[in-house]
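A.B. asks: Here it is: the structure, laid out below.
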Amino acid sequence: MRLTERVRTGTAGRPGVLPGLLIAGAIGAAAGVGWGWLAPRGAVTTTQALTSMLLGLAVGLAAGTVSGSRWSLLVGPLLFTAGFELARLGAVGPTVDGIHLGSTYGIIAFVLGRLFPALLVLAPLVVGARYGVWLAHCLGRSAVAPRGVGLAALVLSTVVLFALAWVISRPASTHPIVGPDGQPLPGSIAELTTVTLGGKPQALMLRGRSTDNPVLLHLAGGPGGTDLGAMRADTSLEEHFVVVVWDQRGTGKSYAALDPVATLTLEQMVSDTIELAEHLRQRFGEERIYLTGNSWGTILGTLAVQRRPDLFHAYVGTGQMVSPPETDAMFYEDTLAWAEQGGDHALVATLQRNGPPPYANLLDYEPAISHEHDWNPYPDLDMSKEMPTNLFVPENSLMDKVNGLRAFLDTFSVLYPQIQGVDLRRDAARLEVPVYLVLGAHEARGRAVPAQEWFGLLEAPNKELVIFERSGHRPSFEEPAAFAALMQRVLSETYPGD
């Protein structure tokens, strides 16, 4: 009997299952369209991840029960995927755009934007469909029942799904600051919380031995980066400050604030920074706070300080960015020279074909910027303090870790084109607060040269350039003890009464 005949007549003379499969497909497609409309990036939060798993189980169970056929294990997921992809066509970002498997960034985008959502929805859908077919058998509508190896596989897949749900549901936490007795220190703060900035909830980590200490707000790099894990690697700053690490709009724990992308602008990010500074000042009863930034965070910090100097005691920039297009041009030149010297003809051809930046497509940046540690190595480089390793801390749930990775693609792709016109030598040649610029001795020239030029032009009440001899682009994390000592000195020089 041919396959089409078997589908029409059913098994053991039962009514044909083709109508049931059509209904099952319709259920899958409708659910895919609905989920694509509600969650175009797939699950973003823990609640959405668990909901997507339940949705998959429910859709699969319905499809399997209606059809009574194991073909529903294929038809349901395929039509769900088709409906989902159709519904989210308007979403923006590398993880939701077209599939590009010809580069590392493209593969990462595919895994985060397609495979991971598929794991959360389609795997439960398949399991649910198998249970649905079993239920149809129990109702006398199908002769197909799991037994032997099939039954064992169903039980095992069910256990795996429950284990995945348990891992997803584990909440993030930050360890309390303890005293000599091992108990939480009175007056200390160790908190993961959210605050609404620009109408969007955004995540904060606050830690310090005393809430009476001055407040230090840190701005992570990127755009799209998170430094919660990097800050937790060393707790020196917590001794003298209430340290606030912010997952900015569209990053890490605040990834959900990415949409709508029309709200993700440089102007909005500066506004969010100022609003957060106001919030922290009021919460802790401080007239001013301290502001530190790394990389992209230095652009954000400089512009916020320029606009509202009354909110800040001092600004400390590490890995200072000044002109993104000039930096990228130098990176392109240095990567091309390294590739030519090393005989990497494929990379040379790719760089020459792409031409110098800027690029309209984020993926085109990869050949020009991803080889920095190849042509600019230094002995004390510790990749455990870099992305993605620093995501793996208790302060991040599983979804936070996933979001930390995809934000570096999606948020970067939205914001980076907007800062191509920034040049702090022109846009922020004067600041009304003390400025401390920290550069690593091994910083790439594409960042170091513009930063030193900006510092030379900068007018400020007082300014100081500090070189960390063993660091590159992230001196505050590469030499945390030295940075904590510097911040104590900054405190002694700028905090009223100290």
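The values are calculated or read from the model by the stated rules, or taken from the named source; none is laboratory data. The structure presented is a predicted model; accordingly, all values stated were derived computationally and were not measured. In this analysis, Cβ positions are derived from the backbone assuming ideal geometry, glycine residues included, and neighbour counts consider all displayed protein chains. The area values use the complete protein model at the heavy-atom level, side chains included, leaving out ligands, DNA and RNA. Shrake-Rupley method; radii C 1.70, N 1.55, O 1.52, S 1.80 Å.
A.B. asks: Filter region 290-312 down to residues that are among the aromatic types (Phe, Trp, Tyr), closer than 20 Å to Arg474 by Cα and part of a strand (DSSP E or B), then give me how many there are.
C.D. replies: Number satisfying all stated conditions: 1.
A.B. asks: Okay, next question. Would you check if there is a residue in region 212-219 being without any contact (Cβ under 8 Å) to a residue 60 or more places away in the chain, touching a strand residue (DSSP E or B) at 6+ places or on another chain (Cβ under 7 Å) and surrounded by fewer than 24 Cβ atoms within 10 Å (Cβ to Cβ)?
C.D. replies: yes
A.B. asks: Pick from Ser323, Ser295, Ser254: which is closer than 20 Å to Gly222 by Cβ and more than 22 Å from the chain's Cα centre (by Cα)? Steps first, answer last, please.
C.D. replies: Details: Ser295 fails: more than 22 Å from the chain's Cα centre (by Cα); Ser254 fails: more than 22 Å from the chain's Cα centre (by Cα).
Of the residues listed, the single one that is closer than 20 Å to Gly222 by Cβ and more than 22 Å from the chain's Cα centre (by Cα) is Ser323.
A.B. asks: If Leu409 meets every condition in (1) at pLDDT 90 or above; (2) open to solvent by 30 Å² or more (accessible area, probe 1.4 Å) apart from one, which number is that one?
C.D. replies: Unmet condition: (2).
A.B. asks: Which one of Arg232, Arg207 is within 30 Å of Leu185 (Cα to Cα), at pLDDT below 95 and basic (Lys, Arg)? Talk me through it step by step, then tell me what you get.
C.D. replies: Working: Arg207 fails: at pLDDT below 95.
On inspection, the qualifying residue turns out to be Arg232.
A.B. asks: For Gly113, are the conditions met, namely being closer than 19 Å to Ala407 by Cα and not β-branched (Val, Ile, Thr)?
C.D. replies: yes
A.B. asks: Given the conditions (1) in a helix (DSSP H, G or I); (2) closer than 21 Å to Met231 by Cα, report the number of the one that Tyr315 does not fulfil.
C.D. replies: All conditions pass for Tyr315, except number (1).
A.B. asks: Given (1) open to solvent by less than 50 Å² (accessible area, probe 1.4 Å); (2) β-branched (Val, Ile, Thr); (3) without any contact (Cβ under 8 Å) to a residue 24 or more places away in the chain; (4) assigned to a helix (DSSP H, G or I), identify the lone condition not met by Val159.
C.D. replies: Just one mismatch for Val159, condition (1).
A.B. asks: If you check every pair at least six apart or on different chains, which have Cβ atoms under 8 Å apart with a residue in region 371-385 that is farther than 12 Å from Glu469 by Cα first and a residue that is among the aromatic types (Phe, Trp, Tyr) and not in a loop (DSSP other than H, G, I, E, B) second?
C.D. replies: Short answer, once both residue conditions are applied: His371/Trp338; Glu372/Phe331; Asp374/Trp338; Trp375/Trp338; Lys385/Phe477.
A.B. asks: What residue, of Lys463, Lys401, is more than 30 Å from Gln48 (Cβ to Cβ) and of a type in the set (D, E, K, R)?
C.D. replies: Every option except Lys463 fails the conditions.
A.B. asks: Let me ask something additional. Which numbered condition trips up Val96, out of (1) more than 25 Å from Phe408 (Cβ to Cβ); (2) open to solvent by less than 70 Å² (accessible area, probe 1.4 Å); (3) among the β-branched types (Val, Ile, Thr)?
C.D. replies: If we test Val96 against (1) more than 25 Å from Phe408 (Cβ to Cβ); (2) open to solvent by less than 70 Å² (accessible area, probe 1.4 Å); (3) among the β-branched types (Val, Ile, Thr), just (1) comes out false.
A.B. asks: On the basis of being of a type in the set (Val, Ile, Thr) and either touching a Ser or Thr at 6+ places or on another chain (Cβ under 7 Å) or buried (at least 19 other Cβ atoms within 10 Å of the Cβ) (or both), does Thr389 make the cut?
C.D. replies: No, not satisfied.
A.B. asks: Taking Arg209 as meeting all but one of (1) open to solvent by less than 40 Å² (accessible area, probe 1.4 Å); (2) touching an Asp or Glu at 6+ places or on another chain (Cβ under 7 Å); (3) without any contact (Cβ under 8 Å) to a residue 60 or more places away in the chain, write down the number of the exception.
C.D. replies: Arg209 satisfies all of (1) open to solvent by less than 40 Å² (accessible area, probe 1.4 Å); (2) touching an Asp or Glu at 6+ places or on another chain (Cβ under 7 Å); (3) without any contact (Cβ under 8 Å) to a residue 60 or more places away in the chain except (1).
A.B. asks: Hey, another quick one. Can you spot a residue in region 190-204 that is in a loop (DSSP other than H, G, I, E, B) and more than 22 Å from Met487 (Cβ to Cβ)?
C.D. replies: The answer is yes; a qualifying residue exists.
A.B. asks: Could I ask something else about it? Kindly provide the set of residues from region 190-206 that are of a type in the set (S, T, N, Q) and surrounded by 20 or more Cβ atoms within 10 Å (Cβ to Cβ), ordered by number.
C.D. replies: Restricting attention to region 190-206, the residues satisfying the condition of being of a type in the set (S, T, N, Q) are 193-194, 196, 202.
Answer for region 190-206, where residues must be of a type in the set (S, T, N, Q) and surrounded by 20 or more Cβ atoms within 10 Å (Cβ to Cβ): just Gln202.
A.B. asks: I need the full set of residues from region 320-364 which are within 23 Å of Ile108 (Cα to Cα), in contact (Cβ under 8 Å) with a residue 24 or more places away in the chain and among the β-branched types (Val, Ile, Thr), in order please.
C.D. replies: If the condition is that a residue be within 23 Å of Ile108 (Cα to Cα), in contact (Cβ under 8 Å) with a residue 24 or more places away in the chain and among the β-branched types (Val, Ile, Thr), then Thr335 is the only one that fits.
A.B. asks: Mind checking which residues of region 49-78 are more than 23 Å from Ala153 (Cβ to Cβ) and open to solvent by 50 Å² or more (accessible area, probe 1.4 Å)? Reasoning before the result, please.
C.D. replies: Going through region 49-78, the residues more than 23 Å from Ala153 (Cβ to Cβ) turn out to be 49-51.
Once the filter is applied, which keeps residues that are more than 23 Å from Ala153 (Cβ to Cβ) and open to solvent by 50 Å² or more (accessible area, probe 1.4 Å), region 49-78 yields Leu50, Thr51.
A.B. asks: Which number in (1) open to solvent by less than 10 Å² (accessible area, probe 1.4 Å); (2) assigned to a helix (DSSP H, G or I) marks the one condition that Gln320 misses?
C.D. replies: Failed condition: (2).
A.B. asks: If you don't mind, another one. Within region 143-151, does at least one residue satisfy the condition of being closer than 30 Å to Arg41 by Cα and crowded, with 16+ Cβ neighbours inside 10 Å?
C.D. replies: no
A.B. asks: Applying the selection to region 124-167, what residues are of a type in the set (Lys, Arg) and over 18 Å from Trp71 (Cβ atoms)?
C.D. replies: Let us first name the residues in region 124-167 that are of a type in the set (Lys, Arg), namely 130, 141, 147.
The one that is of a type in the set (Lys, Arg) and over 18 Å from Trp71 (Cβ atoms): Arg147.
A.B. asks: Return a yes/no flag: does region 233-248 have any residue that is of a type in the set (Gly, Ala, Ser), open to solvent by 20 Å² or more (accessible area, probe 1.4 Å) and part of a helix (DSSP H, G or I).
C.D. replies: yes
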